[in-house]
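Q: Below are the structure tokens for one structure; questions will follow.
The values are calculated or read from the model by the stated rules, or taken from the named source; none is laboratory data. Treat the numbers as computed from the prediction; the structure is a model and nothing was measured. Cβ coordinates were reconstructed from backbone atoms using ideal geometry, including for glycine residues, and neighbour counts include every protein chain displayed. Just so you know, the surface numbers come from the protein's heavy atoms only, side chains and all, with ligands and any DNA or RNA stripped out. Shrake-Rupley method; radii C 1.70, N 1.55, O 1.52, S 1.80 Å.
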Amino acid sequence: MFQTTTLPNGVRILTARMDGAPSVAVFVGLAAGSRYEKPASAGIAHFAEHMFFKGTERRPTARDISAEIDGIGGEFNAFTGKELTAYYVKCAAASAPVAIDVLSDMLLASRFDADEIEREKGVISEEINMYLDTPRDLIGQVHDDLRFGDSPLGRPIIGSKETVGAATRDTFLDYLGTWYRPERMVIGLGGAVTDAMVDDVAARFGGLEAVSTPAPPETVLPVIDGPTVRIERRDSDQAHLILSVGGYPVSHPDRYVLSVLQAVLGGGMSSRLFTEVRERRGLAYYVFASHAGYTDTGSLYVQAGVDTKRIELAVETIWSELRRMATEPVPADEIAKAKRYITGRTVLGVEDARGMILHGLRRSLIEGAPVELDEIFAGIDAVTAEDVARVAGDLIRRDRAALAVIGPFDDSDGLREAIGED
């Protein structure tokens, strides 16, 4: 499915041709995100993402850029993570030349006009306000700060009002000049891809100068010795929490085992957590398990929105379900159901051009190469109940537990005690 062409300067062109697809998804992805920032310029990766939409030499305003994509009925967006950033257009196959032209113009000829930078600071300041006023979103940052500390992974992707306010044109040029280089760039083409599209991309990005980039900043993790609790006090009718344990890097040999463990624990409305925490006990409106994997570390976590008056019971119940994964064999039928769940969700995630090429692009940027679906399915299928118990025993330990909470609480002792014994 995936094919990679590497240009002489290091730019990779990743294609996923899908027979019969009526559309094309064009991505420009960079192995660069918020963990690559200097502390004084925190948020510049996300800020730069905004600024690439604000005008080029040929298209001087944001409206000039957006009007071209609106004119072909395309989808147009971008996102910034901790380890990658991507810009994309999805459109009818016949309009692919426009999509390629607009994206390449944005990434290669954006002006970063000083007046536009000042105006956009207000927009991002309001985005920060929205984020701070949304506990369900903010709890992730409270947790990351607790688990990853004052490291690049512990800082918020969006930055702070102080660092955003201090950004200048030189701040952008320093960050982009360091990290937006060919060796960290993958251009993705998915759907009704033609050789002409590949040639077009190669002609536009092949002229970039090949400049090596430094290694990303090291993640120095804080020592978690025994359950660690952090409370962000808010007067509210619902508490939001994340309870996490250790995790693995994205390319860890046991990543497929971890996927099955996660699905059994908190994947879907028939998972153990949803059944026990919401359906049987009525402690939460939402609850799920996930794994945040990075190139050098990771964290298995449970997030929930719970009744403030029964939060200690909620934490106790969640911890009990976590530990049960390590102390009791998972029945064969539950393992089989988790495997079907993962396979089904993976298939749904790649059924269109955008989903398919994004799947390959993420792996290419973070791990160096895409992974075919057959390899993923084979890896999932090979997981045994013994594997799940082994990984659960390795990761789900009380001395590695971190609990972040947003809610009307002052004392963390009861919450710490709710995380029971190993």
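Q: By how many degrees, between 0 and 90 and to the nearest 10, does the Cα long axis of helix 169-179 differ from the longest principal axis of the chain?
A: That helix lies at roughly 80 degrees to the long axis.
Q: Another one. Averaged per residue, what accessible area in Å² does the chain show with a 1.4 Å probe, protein chains only? All intermediate terms of the calculation are to be shown ahead of the outcome.
A: Working: 17930 Å² over 422 residues.
Spelled out: the 1.4 Å probe surface of the chain, per residue, equals 42 Å².
Q: Mind checking the angle between helix 332-349 and the chain's longest principal axis? C-alpha axes, 0 to 90 degrees, to the nearest 10.
A: Here the helix axis deviates by roughly 20 degrees.
Q: Is there a quick way to get the dipole size of the chain? I mean about its Cα centre, with the Cβ of Lys and Arg at +1 and of Asp and Glu at -1; what is the value in debye to the nearest 20? Kindly include the intermediate steps, with their values, before the conclusion.
A: On the way: 45 positive and 64 negative charges, 60 e Å.
Once rounded to the nearest 20, the dipole reads 280 debye.
Q: Given the chain, what percent of its DSSP beta bridges are antiparallel, to the nearest 5? The partial results should precede the final answer.
A: Working: 50 of 62 bridges.
Roughly 80 percent of the beta bridges in the chain run antiparallel, per DSSP.
Q: Rg (Å, one decimal) plus Dmax (Å, integer) for the alpha carbons of segment 1-124?
A: 15.5, 49
Q: How large is the dipole of segment 92-134 about the Cα centre if only Lys and Arg carry +1 and Asp and Glu carry -1, each at its Cβ, rounded to the nearest 20 debye? Please report the intermediate quantities before stating the final value.
A: Details: 3 positive and 10 negative charges, 33 e Å.
In total the dipole reaches around 160 debye.
Q: Dividing the convex hull volume of the Cα atoms of segment 249-371 by its residue count, what figure in Å³ per residue is obtained?
A: On the way: hull volume 15.5 nm³, N = 123.
It is 126 Å³ per residue.
Q: Could you tell me which trypsin sites (Lys or Arg not before Pro) in segment 252-347 are loop residues by DSSP with no more than 15 other beta carbons within 10 angstrom of their beta carbon? Show your work: numbers first, answer last.
A: Details: sites: Arg255, Arg272, Arg278, Arg280, Arg281, Lys309, Arg310, Arg323, Arg324, Lys337, Lys339, Arg340, Arg345; in loops: Arg281.
Those satisfying the criteria are Arg281.
Q: Where the accessible area of the chain is counted over protein heavy atoms with a 1.4 Å probe, how much of it, in %, is carbon and sulfur? Don't skip to the end; give the middle numbers.
A: Numbers: 8830 of 17930 Å².
After summing per-atom areas, the C and S share lands at 49 percent.
Q: Longest segment of the chain with no GluC sites (Glu not before Pro) in a DSSP loop having at most 11 other Cβ atoms within 10 Å? Don't jump to the answer; show the numbers that get you there.
A: Values: sites that count: Glu57, Glu209, Glu218, Glu351, Glu421.
Value returned for the longest uninterrupted segment is 58-208.
Q: Further question on the same structure: In whole Hz, with x marking every Gly and Pro, tabulate ³J(HN,Hα) for segment 376-382 from phi via Karplus 6.51 cos²θ - 1.76 cosθ + 1.60, θ = phi - 60°.
A: Listing the rounded values in order: 5, 5, 5, x, 5, 4, 7 Hz.
Q: Let me ask something additional. Quick one: net charge around Thr194, please, counting Lys, Arg +1 and Asp, Glu -1 for every other residue with C-beta under 10 Å from its C-beta. Walk me through the intermediate numbers first.
A: Working: positive: Arg17; negative: Asp195, Asp199, Asp200.
Value of the local net charge: -2.
Q: Rounded to the nearest 10 degrees, what's the angle between the helix 135-148 long axis and the longest principal axis of the chain, both from Cα atoms, 0 to 90?
A: 80
Q: Accessible area of Ile242, 1.4 Å probe, to the nearest 10 Å²?
A: Spelled out: Ile242, probe radius 1.4 Å, area about 10 Å².
Q: Determine the sum of side-chain charges near Ala109: Lys and Arg each +1, Asp and Glu each -1, restricted to other residues whose C-beta is under 10 angstrom from that of Ala109. If you can, show how the numbers build up before the last one.
A: Working: positive: Arg58, Arg59, Arg111; negative: Glu57, Asp105.
Residues near Ala109 contribute +1 overall.
Q: Just to be sure I understand the curve: with the Debye formula and one point per C-alpha of the chain, what is log10 I(q)/I(0) at q = 0.07 Å⁻¹?
A: Values returned for q = 0.07 Å⁻¹ are -0.37.
Q: Please work out the C-alpha center-to-center distance from segment 77-108 to segment 313-370 and express it in whole Å.
A: Cα centroid of segment 77-108 versus Cα centroid of segment 313-370: 28 Å apart.
Q: Using a Gaussian network model of the chain with C-alpha springs under 10 Å, which one of Val24, Val164, Val211 is most mobile by mean-square fluctuation?
A: Most flexible of the set in this elastic network: Val211.
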